[in-house]
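The values are calculated or read from the model by the stated rules, or taken from the named source; none is laboratory data. Just so we're clear, the structure is a prediction, and the values are computed from it rather than from any experiment. Note: areas computed on protein heavy atoms with side chains; ligands, DNA, RNA excluded. Shrake-Rupley method; radii C 1.70, N 1.55, O 1.52, S 1.80 Å.
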Amino acid sequence: MTEHRALSDSLLVVEPPAYPTREQLAARYLARCGRLLTPGELRDALARRGHIISAAQLKRDMQAHGAFVRAPGDLWTVGRPVRQKA
């Protein structure tokens with residue numbers, strides 16, 4: 001029993017963060033809204049949901065993360081767009 005307790009006490013519990021990261025918030029919103037948004041539009045949409053993140057910070061986060069795709073006009077989406085067959 002003593003050995004079991006020693007082993008049990010040495011375990012480390014790793015839990016996900018309680019609050020989503022900025023990247024997760026941005027990706028979730030972009031995935032659900034289904035359209036391209038500028039960092040300012042995304043900032044405003046997230047602010048309406050209680051998440052205050054600057055447009056500049058969102059842009060930096062999206063530029064640094066491979067899941068986000070930039071289109072002309074500083075419009076952003078998450079994932080790769082679907083190609084239409086010719």
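Some notes on this structure:
- Of (1) 134; (2) 103; (3) 168, the label for volume of the Cα convex hull per residue in Å³ derived from the coordinates: (3)
- Protein accessible area in the chain, 1.4 Å probe - carbon and sulfur %: 55 percent
- Rolling a 1.4 Å probe over the protein heavy atoms gives the chain an accessible area of 78 Å² per residue.
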